[in-house]
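Q: Once you've had a glance at the structure underneath, I'll fire off some questions.
The values are calculated or read from the model by the stated rules, or taken from the named source; none is laboratory data. Keep in mind the model is a prediction, meaning the values are calculated, not measured. With ideal geometry, Cβ positions are generated from the backbone for all residues, glycine too; neighbour counts draw on all protein chains shown. For accessibility, only protein heavy atoms count, side chains too; no ligands or nucleic acids. Shrake-Rupley method; radii C 1.70, N 1.55, O 1.52, S 1.80 Å.
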Amino acid sequence: MDLGVLIFPKPDTCAAHAKLAETCGFTHVWVEDSPMMAGDVYLCLGLMAQQTTRVILGTGVAVVGTRSAPVTAHAIATVNQLAPGRVILGIGTGNSARRAMGLPPCSLRELREYIRVVRGLLDNQDVVYQEGAEARRIQFFHKEYAFINTRDPIPLYVAANAPKAMALAGEVGSGWLTSRTNTAPGWREAWARVSQGAKKAGKDPARLNTVLFTTACLLRPGEGLDSARVQAQAGPWTTVALHSLYETVQDPAAAPASIQPTFAKYKAFMDQRLQAKDDYYFDLHDGHCLYVRAEEQQFVTPDVIQATTLTAQPEALLERLRALEHAGVKQVAFIPTFDAFEEFVTEFGEKIVARW
C-alpha cells in the first residue's frame, strides 16, 4: 500500500512541501482544488513538478463545474509535460469547491459527460463537446510542438463518497478516491459498490487503483486525544466531517453511530447560528482543513477525533494501516494542516513511512 499526502496550493511553499514529502518517502502528493479557499492547483502542480523527480502528482480533486472539460484536460496535460508519466487527474462533483460558493455538487450525469470529454482528449481523440445548445467536435492542435503531453498516459481517478457515485467511479474511472470511511469494514462495504460498477462496465475491479483520504496525528508518549497539539492537527479534519454531514444529513440518527450524540448537538448549534442566512456557507466552510473556529472547538471531542481520523500512537497506526491494506486499500493519503505540514511529514517519514 502506498502512502500519500495532500498539499494546500500556495505557490511560494508548495514546491518545498512536495520536495520534503518526496524526501520523507511519500509516494504520492495530492493538491487540493478549491478556488475560493487556496491557490491554483495547476500552477502549483507545475511548480512542484519542477522540484521533484519521483513522487506522483495528482489533483485531489479537480471539480466539474469550476472549469470546462477541455480546460481541465489541457491543464493536466500541461503538467504532464513537466512530469511525464507521474501525473494523475482526480476528479469529482465538488464538495468544498462548490459548497463554499453556496452551490450544490454537480450531478452524476454532468460528471459522466465531463469525464467522457476529458478522457477522450487525453487519449488523443477528437470528441464532441457541447456547451449550451452548441455541439462541436474538438481536438488538441499542434501536438508536434509538445506544448502539452498526451503521449504519456494520465490516469483518471473518480472521487466518490455516495453509493451511486461509487458505482460510477468503478464504471468510468481507472481509480477511486474517497474519504467516506477510515475503517476496514467501512471500506469493504464501499468497495463492493465500486466493484459492482466496474463489473457492469466489463472491467476487472482488481485493476482499479484506490485512495483513501483521511488524516492523523501521531500521539507522543503520554499524549491524549484532548491535547492542544492533537486538537490543532486533527481538529480541522473532524470539523470538515461535521460540515459535510450538516449539508447532507438531515436526521442525526443517519450519522455514524459513534458520533451521533455530538453531531446532534452540532446540528442544533448550526441550525440556530445559520438560520435565515443566505450566505450561510461563509460561516460553515471557514477554516476548511486549515483550522478550527473558536465556536466549533466544543465539538472536537476525543470521540469525534477517534471516529474521523487515524490519530494514534505509531504502533497502533501501523496496525490500522495494515488492516486497511488487507481490506484492499491501495493508498492512504493524509491531509495535514498547512501550519503543521513540515512537522507532520517529517515525523511520519521517520515513524511510519520508514517502517512501512
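Q: Using a 1.4 angstrom probe and counting only protein chains, how large is the accessible area of ASP12 in Å², to 10?
A: For ASP12, the solvent-accessible surface is approximately 110 Å².
Q: May I pose another question? I'd like the orientation of helix 14-23 relative to the chain: the angle between its Cα long axis and the longest Cα principal axis, in ° from 0 to 90, rounded to 10.
A: Here the helix axis deviates by roughly 80 degrees.
Q: Say a paramagnetic label sat at a point 7 Å from the Cα of TYR145, along Cα to Cβ; which residues of segment 43-84 have their backbone N under 15 Å from it?
A: What the label zone holds, given the 15 Å backbone N cut-off, is 78.
Q: Taking a Cβ-Cβ separation under 4.7 Å as the criterion for a possible partner, which cysteines of the chain have none?
A: Those would be CYS24, CYS106, CYS217, CYS289, since no other cysteine Cβ in the chain comes under 4.7 Å of theirs.
Q: Still on this structure: Could you pull out the trypsin sites (Lys or Arg not before Pro) across segment 240-277 that fall in loop regions by DSSP (anything but H, G, I, E, B) with no more than 12 other Cβ atoms inside 10 Å? List each step's numbers first, then the result.
A: Working: sites: LYS265, LYS267, ARG273, LYS277; in loops: LYS277.
Answer by residue number: LYS277.
Q: Among MET270, MET166, MET48, which one moves the most in a GNM of the chain with springs linking Cα atoms closer than 10 Å?
A: Looking only at MET270, MET166, MET48, the biggest GNM fluctuation is shown by MET270.
Q: In whole Hz, what ³J(HN,Hα) sequence does segment 94-100 give by Karplus (6.51, -1.76, 1.60; θ = phi - 60°), x for Gly and Pro?
A: After applying 6.51 cos²θ - 1.76 cosθ + 1.60, I find x, 9, 5, 4, 9, 5, 5 Hz.
Q: Considering only protein heavy atoms, what per residue accessible area in square angstrom results for segment 201-256 with a 1.4 angstrom probe?
A: Per residue, segment 201-256 has an accessible area of 40 Å².
Q: Specify the residue with the greatest mean-square fluctuation among PHE338, PHE213, PHE282, computed from a Gaussian network of the chain linking alpha-carbon atoms under 10 Å apart.
A: Largest GNM mean-square fluctuation: PHE282.
Q: Hey, in the GNM for the chain with a 10 angstrom Cα cutoff, which one of THR238, THR183, THR337 fluctuates hardest?
A: Among THR238, THR183, THR337, the largest GNM mean-square fluctuation belongs to THR183.
Q: Also, I was wondering about something else. Could you derive backbone 3J(HN,Hα) for segment 109-124 from the dihedral phi with the Karplus parameters 6.51, -1.76 and 1.60 (θ = phi - 60°), listing whole Hz in sequence and x where the residue is Gly or Pro?
A: 4, 5, 4, 4, 5, 4, 5, 4, 5, 4, 4, x, 5, 5, 8, 6
Q: Can you return the lysines within cross-link range of LYS19? Criterion is Cα-Cα under 28 Å, with same-chain partners fewer than 8 residues away left out.
A: The reachable lysines, counting only those whose Cα sits under 28 Å from LYS19, are LYS10, LYS330, LYS351.
Q: Now a separate question. Using a 1.4 angstrom probe on the protein heavy atoms only, line up ASP226, ASP126 by accessible area, largest first.
A: Numbers: ASP226 115, ASP126 70 Å².
Descending order: ASP226, ASP126.
Q: Okay, next question. What percentages make up the Cα-Cα pair-distance distribution of segment 104-177 when the bins are 5 Å wide from 0?
A: 3, 14, 22, 21, 17, 15, 7, 2, 0
Q: If I fit a long axis through the Cα atoms of helix 314-327 and take the longest principal axis of the Cα atoms of the chain, what angle between them do I get, 0 to 90°, rounded to 10?
A: With rounding to tens, the tilt is 50 degrees.
Q: I would also like to ask the following. From the helices alone, meaning DSSP H stretches of at least four residues, give me the mean residue ellipticity at 222 nm for the chain, per-run term -39500 (n - 2.57), in deg cm²/dmol to the nearest 500.
A: Mean residue ellipticity at 222 nm (helix-derived): -13500 deg cm²/dmol.
Q: Given a Förster radius of 30 Å and the C-beta distance between LYS277 and SER107 as r, what FRET efficiency does 1/(1 + (r/R0)^6) yield to the nearest 0.05?
A: Efficiency, from the Cβ-Cβ distance: 0.70.
Q: Angle check, please: helix 163-172 long axis (alpha carbons) against the longest principal axis of the chain (alpha carbons), in degrees 0 to 90, nearest 10.
A: Roughly 30 degrees, rounded to the nearest 10.
Q: Moving on. May I ask for the Rg/Rh ratio of the chain, computed from Cα atoms with Rh as the Kirkwood radius, given to two decimals? Could you put the intermediate results ahead of the total?
A: Numbers: Rg = 19.9 Å, Rh = 20.9 Å.
Computed over Cα atoms, the ratio is 0.96.
Q: Please report, in whole Å, how far the alpha carbons of segment 232-356 spread along each principal axis, starting with the longest.
A: Principal extents (largest minus smallest coordinate, Cα): 51, 30, 23 Å.
Q: Roughly how many Å² of PHE26 are accessible to a 1.4 Å probe, to the nearest 10?
A: 0
Q: Between segment 182-214 and segment 34-54, what is the C-alpha centre distance in whole Å?
A: Each part's Cα centre sits 28 Å from the other's.
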